[in-house]
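Encoded as structure tokens, the structure appears first; notes follow it.
The values are calculated or read from the model by the stated rules, or taken from the named source; none is laboratory data. No experiment lies behind these values; they were computed from the predicted model shown. So basically every Cβ, Gly included, is an ideal-geometry build from the backbone, and we count neighbours across all protein chains shown. Please note that ligands, DNA and RNA were not included when accessible areas were found on the heavy atoms of the full protein model with its side chains. Shrake-Rupley method; radii C 1.70, N 1.55, O 1.52, S 1.80 Å.
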Amino acid sequence: MTKLMPNELQLTPLLAPFIPTGGEPHVRDLALRIRVFTEAFNAWESLHLHLSPASLAFKTDITRTLRAADLTPRQLREAIRNYDAFRAYINGFARRLFPYLVDWSSDLMTLHASFYQGGRGIVFTAGDAQVPFLMTSIPSLRSLGCGLPIEVMFLGDADLSSQSRSILEALDGVITRDMSHMIDDTDWALRGWAAKPFAILLSSFREAIFIDADALSFVNLEILFTDEQYLGTGALFFKDRNTMPGSKRSWLTEILPQPVSHLVEENRMWTGESTHMQDSGVVVVDKWKHFLPLLLTTRLNGPDRDGDEEKGKKGVYQMVFGDKETFWLSWELTGNHDYAFYDGEAGTMGILSKTPELPQQSSVSTNEQEPLAKGLSTLSKDPASTLAIESSVASRRQKLLNRRNTPCICSQQLVHFDRAGQPLWFNGWLATQKLDDETEVEFRDFEYYAREMKGRRRRGERDPYSVHPRNVVCMQTTQTFAFTDEEQATLKMMRDFAKVAIAKRDGLE
């Protein structure tokens, strides 16, 4: 352990305040520091924690152990001094990296140890507005056979009222827990999407399935704990829609220590397939195994989340969209490559339209449409060239017409499929619009679903998605599938629970 104790020259930059401007240099600095901390933290725990499959024991009397060892007086004095110095180093390093947890847990080792025998459970975050979602998703999970305990994490009474907590805790196996007592966000405010990794970390479970409040499943999601990819890594993520092509390779190169892992080289943001990789609507993680990457995820969604233009600070959410990419990024920044993206496909569900209107934000690029608008006379005056151009323009025009008549499904829902291509879970709930207290709820009909093509999308291959107002996404596809009777029965069960939830909400107002 003493070999990991930095000298004074090394210690100063490790414990120094972070640069106030944030941005890519700060994230890279975090990556370098967290890797040093990981090695030291693992050594510290190996000295104090004694593990067996069934139990964990703390060894707190290190000084007495040293006194009982066969050491000379000089060796004993040196050993105790080294232990005290390393203890000050590891605790000071932890406070620099994760100061917002100091008041809740006496030290990170104690927090980590509390998970060892924590078992498995389901984690949600919710405020008052999300109660109808949970009044749908939790009974649906129970009806599908899920018997795991459930913790609903929230941020004080203003987030989830005592009345809402009573409603949720009347459901089987549900406990609500206030995270505002556990986090010191004095200089920043924890809210919204950013609460997800905190909820996972601060839940009592060792192995947690986090589920977005508006996510619903066709199966008992307990099966994810026995999934081959989860068992092999202890961290299972899901892919977002493969849309919006664009490369973030240069950005990833700026923030990640070299060399990057093979997982990064396969990531869509590296290959240029998409500027989006992860959908964080469901996250499955063994917190004992992946404690430090999860801690870093909380930091990226905590004090490093927001920028400040007046102070010239660039926040994480100015570099990625919300919380969703911060999970796998934190694993990579920590140098931990034990994670997997579920190898099923994503897609959509809804009503099939044969002749959809092209959206205002069409996936048809400007470059494709320009030749149609310019006119042949401006492109070439040579007859042979003109003939070739006419043929090319006619071909492009026909492609555009074909796309206008390609079957299309439009909805807010993003569906994830199992490896056999069957619907697994989806987010976006069941309504045709964002749920609020003023709009009458209209439930969407779901008759068909469509899956993305397997494998990597080739460069230049068109994006099947187009984005519309009100979070509606349309997917054009030549292959659609009708929901089975069993799947329709599951959807009806969800709608029935949702109608009861909305009626209960409206009756309380």
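Scanning the stretch 178-201 for residues being in contact (Cβ under 8 Å) with a residue 40 or more places away in the chain and within 18 Å of residue 122 (Cβ to Cβ) gives a total of 7. Take the conditions (1) of a type in the set (S, T, N, Q); (2) within 30 Å of residue 474 (Cα to Cα); (3) surrounded by 22 or more Cβ atoms within 10 Å (Cβ to Cβ); residue 353 misses just one of them, which is (3).
Just one of the listed residues (136, 125, 176) is touching a helix residue (DSSP H, G or I) at 6+ places or on another chain (Cβ under 9 Å), closer than 18 Å to residue 294 by Cα, open to solvent by less than 50 Å² (accessible area, probe 1.4 Å) and β-branched (Val, Ile, Thr), namely 125. Residues of the stretch 96-107 include at least one that is of a type in the set (A, V, I, L, M, F, W, C), part of a loop (DSSP other than H, G, I, E, B) and open to solvent by 20 Å² or more (accessible area, probe 1.4 Å). The residues listed here are 103, 157; of these, the one that is modelled with pLDDT under 95 and of a type outside the set (A, V, I, L, M, F, W, C) is 103. Of the numbered criteria (1) on the phi < 0 side of the Ramachandran plot; (2) at pLDDT 60 or above, the one residue 370 fails is (2). In this structure, residue 280 qualifies as among the polar types (S, T, N, Q) and within 30 Å of residue 56 (Cβ to Cβ). State whether the residues of the stretch 234-257 include one that is in contact (Cβ under 8 Å) with a residue 60 or more places away in the chain, in a helix (DSSP H, G or I) and closer than 17 Å to residue 340 by Cα. No, the stretch 234-257 contains no residue that is in contact (Cβ under 8 Å) with a residue 60 or more places away in the chain, in a helix (DSSP H, G or I) and closer than 17 Å to residue 340 by Cα.
Residues checked against (1) surrounded by fewer than 13 Cβ atoms within 10 Å (Cβ to Cβ); (2) within 31 Å of the chain's Cα centre (by Cα); (3) more than 30 Å from residue 312 (Cα to Cα):
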{"position": "28", "(1), (2), (3)": "no, yes, no"}
{"position": "49", "(1), (2), (3)": "no, yes, yes"}
{"position": "59", "(1), (2), (3)": "yes, no, yes"}
{"position": "67", "(1), (2), (3)": "yes, no, yes"}
{"position": "74", "(1), (2), (3)": "yes, no, yes"}
{"position": "82", "(1), (2), (3)": "no, no, yes"}
{"position": "88", "(1), (2), (3)": "yes, no, yes"}
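Within the stretch 192-206, does at least one residue satisfy the condition of being open to solvent by 20 Å² or more (accessible area, probe 1.4 Å), out of contact with any Asp or Glu (no Cβ under 8 Å at 6 or more places or on another chain) and either more than 29 Å from residue 291 (Cα to Cα) or at pLDDT 95 or above (or both)? No - not one qualifying residue is present in the stretch 192-206. Is it true that some residue in the stretch 266-273 is assigned to a loop (DSSP other than H, G, I, E, B) and open to solvent by 10 Å² or more (accessible area, probe 1.4 Å)? Looking for residues that are assigned to a loop (DSSP other than H, G, I, E, B) and open to solvent by 10 Å² or more (accessible area, probe 1.4 Å), one finds at least one in the stretch 266-273, hence yes.
For the stretch 80-97, the set of residues classified as more than 25 Å from residue 68 (Cα to Cα) and aliphatic (A, V, I, L, M) consists of 94, 97, listed by residue number. Quick one: would you say residue 315 is open to solvent by 10 Å² or more (accessible area, probe 1.4 Å), more than 29 Å from residue 43 (Cα to Cα), touching a residue at least 40 places away in the same chain (Cβ under 8 Å) and of a type in the set (Gly, Ala, Ser)? Judged against the criteria, residue 315 is not a match.
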